[in-house]
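Trainee: This is the structure I have questions about; it appears just below.
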Amino acid sequence: MSRAYYLFGWGFVAICGALLLGAAPKAGIRRVRDGESYRPATAGGQTAEEWFRRARPYCNAVEVRVLQRQTAPPATTAGAGYHAACFALAGQIDEARRIIDGLTPNERYRAAGIVFDVGHPVADAGDDRSAAPIMELVIDYWPNHYMALYHAGMAEYMLGQRDLATKNLTAFLRLYHENDGWRANGITVLERLRSETPADLRRPAEPR
């Protein structure tokens, strides 16, 4: 092989390598070392749902602040709703409330509805300690959200928070009149709460 071909070949390899490095995607969310500083990334052209799908693994008490510093959700009502939901999942209810309070009053219930949708599987899974404050947050902004009232009441019943459980299940039954398992459970637990005999703390079977 002549020297000219040799130099040409290695030059071609170098150019290809540079092109590949330039095209490598940059992750919007990454784990960082302690003490590292950087400017937060923006959401770019993502929808709020796309942002949350990427952010969801970081919505925990350890990593949610890292997420907060690195990437911002879209500046929309839905973006704020998913942002608040992420903090709510991490148990940081005050921060979730601060995000929702930053919206105009007629947008807050919509953001709270997103928090409910995200928190609903937590309630269905029986994680009462996490579900109760999430559902209370939803009720604060959407007082007649009957399913938030139901899940809040059930979680509070299991946690022994009798007054809150009674209040929320009473409101649920006032709003929800379908003759189904949800209403039957509400009636059963409310009767236990109002009974003078020791309450049966078993959770009623969830309707299917």
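Trainee: To the nearest 0.05, what FRET efficiency results for R208 and R98 with a Förster distance of 45 Å applied to their C-beta separation?
Mentor: About 0.75, to the nearest 0.05.
Trainee: Starting from the eigenvalues of the Cα gyration tensor, five times each then square-rooted, give me the equivalent ellipsoid semi-axes of the range 101-208, largest first, whole Å.
Mentor: The equivalent ellipsoid of the range 101-208 has semi-axes of 24, 14, 13 Å.
Trainee: With just the Cα atoms defining each centre, how far is the range 128-180 from the range 81-99? Give it in Å.
Mentor: Cα centroid to Cα centroid, the span is 19 Å.
Trainee: Now, a different point. How much FRET efficiency would the formula 1/(1 + (r/R0)^6) give for R129 and T170, where r is the Cβ-Cβ distance and R0 is 30 Å, rounded to 0.05?
Mentor: After rounding to 0.05, the efficiency reads 0.85.
Trainee: Select from the range 119-169 those trypsin sites (Lys or Arg not before Pro) which occupy a DSSP coil region and have at most 16 other Cβ atoms within 10 Å, ordered by residue number.
Mentor: none
Trainee: May I ask you to derive the FRET efficiency for D200 and L159 from their Cβ-Cβ distance with R0 = 22 Å, giving the value to the nearest 0.05?
Mentor: The pair D200/L159 has a calculated efficiency of 0.90.
Trainee: Using a 1.4 angstrom probe with every protein chain in place, what is the largest-first accessible-area order of H145, H120?
Mentor: H120, H145
Trainee: Please sort 73-80, 98-105 by packing, taking for each peptide the average over its residues of neighbouring beta carbons within 10 angstrom, highest first.
Mentor: 73-80, 98-105
Trainee: Here's another thing I want to ask about it. Enter the accessible area per residue of the range 127-208 (Å², integer; probe 1.4 Å; all protein chains in place).
Mentor: That works out to 55 Å² for each residue.
Trainee: Can you give the accessible area of R97 in Å² (nearest 10), computed on protein heavy atoms with a 1.4 Å probe?
Mentor: Estimated to the nearest 10 Å², R97 gives 70 Å².
The values are calculated or read from the model by the stated rules, or taken from the named source; none is laboratory data. This structure is a prediction, so every number in the text was calculated from the model and none was measured. Reconstructed Cβ throughout: ideal geometry from the backbone, glycine too, with neighbour counts over all protein chains shown. Surface areas here come from the heavy atoms of the whole protein model, side chains and all, with no ligands, DNA or RNA. Shrake-Rupley method; radii C 1.70, N 1.55, O 1.52, S 1.80 Å.
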